Amino acid sequence: MLKVFLVEDECVVREGIKNNVDWSANGFDFCGEAADGELAYPMIMDRKPDIIITDIKMPFIDGLELTRLVRDELPHARIIILSGHEEFQYAREAIKLGVSEYLLKPINGADLMESVKRVADSIMVEKNEKIYLKKYQEEMKENIYHQHRLFFKKIMGNHLSSVEIFERSKELGLDLNGLVFKVMIIKSDALNPRHIDGKESDNPELLSSILAEIKQVILIEKGIAGNVLLIKADSEEKLQEVEEEFLEKYIALAREAGMELTGGIGLVIHRISDIGRSYQEAEKAYASRFTKYKYKNRISEIYDASTYGQQSKEGLAVFDARELCHIDLKKTELFLKQGNLSDINHFIDDILQEIEEVRQSQLFTQYILMDFYLTTLKFVENLSEDEAFLMKHQMDESKLNQLSGESASIESYIHDLLKDAILLRDSRHEDKYAHLIHMAKKYIEENYARDDLSLNDLAAHVGLSPNHFSTVFSNTTGKSFIRYLTDVRVGEAKTLLKCTDMRCSNIAQMVGYKDPHYFSFLFKKEEGLSPMQYRGEGHV
């Protein structure tokens with residue numbers, strides 16, 4: 001029940017309103033009364049009524065003064081003014097204060113109740129809108145993350161000015177206030193290889209639980225290749241503390257969950273517009289996971305761009321680059337299986353730097369080239385017999401002699417070799433994902449009318465974990481699952497509104513919204529018009 005409080009200095013009027021109106025029968029709780037504003041104010045603060053009925057002219061504190069006081073402490077309370085004055089000045093002042101109703105005395109109980117009910121209806125509309133807004137925001141949380149990801153991509157691509165960055169971050173609800181920043185890339189994988197082949201093993205709960213606790217670390221992007229995070233602080237010392245606290249907690253949780261971590265940490269920057277530079281260094285450090293460490297206890301080092309993992313953390317992988325006269329073929333094999341296109345240049349630089357002392361030997365250079373060629377060829381053959389790849393990169397003695405004479409040619413050849421192999425590898429995954437996304441879209445088209453259709457349902461249907469599916473769906477379609485589903489539902493609703501005379505409540509049910517009021521709220525949020533307004537306008 002909504003609570004009503006009465007302030008009236010005329011005893012007869014006050015008793016009449018209190019006793020001659022059946023408040024409870026009309027769904028209201030008459031929670032108190034007072035003879036003037038001074039007596040009423042502390043009682044109102046204690047009982048927090050939803051509706052206050054007050055006379056305008058009273059001793060000590062009048063109705064307008066009381067309204068000003070209440071507005072500061074109870075901004076959501078609604079005020080109904082009773083007045084024996086028709087002067088425009090009173091009404092104008094009441095309107096400025098946001099009074100809901102301005103009623104002239106004398107007034108009978110029926111008219112007063114009609115006014116109270118109008119105010120009560122507006123209160124319920126506002127309360128429901130808050131409920132619907134909260135529900136809408138919860139549903140769109142994944143889509144908000146998608147907007148965050150696109151926002152940070154624009155920053156890292158230098159497509160936004162500093163003013164645009166701060167304006168857009170405020171719109172997205174991102175707190176980017178800080179004096180120093182650093183970008184970090186981290187990937188977690190299951191220790192059991194059976195959990196890695198063909199399935200995403202990253203556990204989102206590991207990361208989300210820490211981000212909820214350490215607010216100075218912000219998730220920029222989550223993906224199969226790794227999660228990108230931004231650390232912010234007011235000083236470099238504090239930034240280091242936050243970084244160490246975050247990694248300590250993440251490593252501990254990863255161990256408990258049977259996960260291993262790999263990653264890279266970029267340079268410290270002092271301008272938010274420079275996070276692209278820190279990201280590039282983090283990428284470089286992340287790429288060194290294929291060359292700069294050996295696994296130990298299946299937990300890998302988190303690399304800093306400046307030291308490339310020479311940090312010492314108990315139980316973590318350690319730097320090892322002493323074998324200068326030998327290319328570790330396992331590093332190349334691992335890179336072909338797990339590396340990204342953005343890693344190629346860093347990987348080649350690291351590998352060739354390790355053997356710099358012996359690269360003057362043409363014989364050894366040819367050995368290096370054959371190492372790369374045969375290892376890559378074996379990898380590609382295991383993927384499929386791709387004739388175009390074999391013909392493009394076929395190696396013979398003449399080509400080997402030609403390449404080994406120039407350092408730039410060697411690097412260019414290795415780059416193209418690895419690039420084409422990774423593109424071939426990824427195309428197989430893309431074909432697989434294209435099929436899964438097609439399955440997912442078809443499932444949505446067939447089931448969007450279900451009000452309980454969820455990301456978990458769709459992920460189970462295509463055989464992926466919810467986290468993995470969410471990432472794949474978003475990266476492939478450019479939309480989060482809930483954004484895509486909402487677009488389908490609203491699109492179908494628009495068709496039904498224009499092409500049928502069905503009631504809006506029935507249309508809501510047909511497009512997956514059990515609550516027609518929430519459907520109307522969401523439709524207006526998406527289209528800027530209510531369903532009935534849309535039906536009446538000349539939209540197509």
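For the range 61-70, the set of residues classified as within 24 Å of residue 106 (Cα to Cα) and not in a loop (DSSP other than H, G, I, E, B) consists of 63, 64, 65, 66, 67, listed by residue number. Within the range 419-433, one or more residues are part of a helix (DSSP H, G or I), within 26 Å of residue 139 (Cα to Cα) and modelled with pLDDT under 85.
Yes or no, residue by residue, for (1) surrounded by fewer than 22 Cβ atoms within 10 Å (Cβ to Cβ); (2) of a type in the set (Asp, Glu); (3) touching a Cys at 6+ places or on another chain (Cβ under 9 Å):
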residue	(1), (2), (3)
231	no, no, no
234	yes, yes, no
240	yes, no, no
245	yes, yes, no
250	no, no, no
255	yes, no, no
259	no, no, no
262	no, no, no
267	yes, no, no
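Give me a count of the residues in the range 173-222 that are of a type outside the set (Val, Ile, Thr) and at pLDDT below 85.
Counting residues in the range 173-222 that are of a type outside the set (Val, Ile, Thr) and at pLDDT below 85 gives 25.
Tell me whether the range 99-114 contains one or more residues that are among the hydrophobic types (A, V, I, L, M, F, W, C), modelled with pLDDT of 90 or more and part of a strand (DSSP E or B). The answer is no; no qualifying residue exists. For the range 64-81, the criterion of being among the small types (Gly, Ala, Ser) and over 26 Å from residue 129 (Cβ atoms) is satisfied by no residue at all.
Output yes when any residue across the range 150-165 is closer than 21 Å to residue 283 by Cα, within 16 Å of the chain's Cα centre (by Cα), modelled with pLDDT of 85 or more and open to solvent by 50 Å² or more (accessible area, probe 1.4 Å), and no when none is. Among the residues of the range 150-165, at least one is closer than 21 Å to residue 283 by Cα, within 16 Å of the chain's Cα centre (by Cα), modelled with pLDDT of 85 or more and open to solvent by 50 Å² or more (accessible area, probe 1.4 Å), which makes the answer yes.
Of all residues in the range 61-78, those that are without any contact (Cβ under 8 Å) to a residue 40 or more places away in the chain have Cβ atoms under 6 Å from Cβ atoms of residues that are open to solvent by less than 80 Å² (accessible area, probe 1.4 Å) and of a type in the set (Asp, Glu), 6 or more apart or on another chain, in 64/93.
Residues to consider are 463, 528; find the one that is closer than 30 Å to residue 219 by Cα and open to solvent by 30 Å² or more (accessible area, probe 1.4 Å). Exactly one of 463, 528 is closer than 30 Å to residue 219 by Cα and open to solvent by 30 Å² or more (accessible area, probe 1.4 Å), namely 463. The residues of the range 446-465 that are in a helix (DSSP H, G or I) and touching a helix residue (DSSP H, G or I) at 6+ places or on another chain (Cβ under 7 Å), listed by number, are 455, 456, 458, 459, 461, 462. Of the residues screened, residue 244 is one that is modelled with pLDDT under 90, outside any strand (DSSP E or B), more than 17 Å from the chain's Cα centre (by Cα) and over 23 Å from residue 337 (Cβ atoms). Do the conditions hold for residue 397, that is, is it at pLDDT below 85 and more than 27 Å from the chain's Cα centre (by Cα)? Considered against the rule, which asks whether it is at pLDDT below 85 and more than 27 Å from the chain's Cα centre (by Cα), residue 397 comes out as yes. One residue stands out in the range 10-32 among those that are part of a loop (DSSP other than H, G, I, E, B) and open to solvent by less than 60 Å² (accessible area, probe 1.4 Å): the one that is farthest from residue 74 (Cα to Cα), namely 21. The residues in the range 337-353 that are open to solvent by 40 Å² or more (accessible area, probe 1.4 Å) and among the charged types (D, E, K, R) can be counted, and the count is 2.
For residue 494, indicate whether it is part of a helix (DSSP H, G or I), at pLDDT 90 or above, crowded, with 20+ Cβ neighbours inside 10 Å and over 27 Å from the mean Cα position of the chain (by Cα). Considered against the rule, which asks whether it is part of a helix (DSSP H, G or I), at pLDDT 90 or above, crowded, with 20+ Cβ neighbours inside 10 Å and over 27 Å from the mean Cα position of the chain (by Cα), residue 494 comes out as yes. A count restricted to the range 33-60 and to residues that are assigned to a helix (DSSP H, G or I) and surrounded by 18 or more Cβ atoms within 10 Å (Cβ to Cβ) stands at 4.
Remark: pairs (first residue in the range 435-450, over 19 Å from residue 472 (Cα atoms); second residue hydrophobic (A, V, I, L, M, F, W, C); Cβ separation under 9 Å; 6+ apart in sequence or on different chains) = 447/453; 447/458; 448/485; 448/488; 448/511; 449/510; 449/511.
Consider the range 510-519. How many of its residues are open to solvent by 40 Å² or more (accessible area, probe 1.4 Å), part of a helix (DSSP H, G or I) and free of Cβ contacts under 8 Å to residues at least 60 places away in the same chain? Residues in the range 510-519 being open to solvent by 40 Å² or more (accessible area, probe 1.4 Å), part of a helix (DSSP H, G or I) and free of Cβ contacts under 8 Å to residues at least 60 places away in the same chain: 1 in total. Among the residues of the range 71-94, those identified as assigned to a strand (DSSP E or B) and at pLDDT 85 or above are 78, 79, 80, 81, 82.
The values are calculated or read from the model by the stated rules, or taken from the named source; none is laboratory data. Source: prediction; values computed, not measured. Reconstructed Cβ throughout: ideal geometry from the backbone, glycine too, with neighbour counts over all protein chains shown. The protein model used for the area step is the full one, side chains on, heavy atoms only, and it has no ligands, DNA or RNA in it. Shrake-Rupley method; radii C 1.70, N 1.55, O 1.52, S 1.80 Å.
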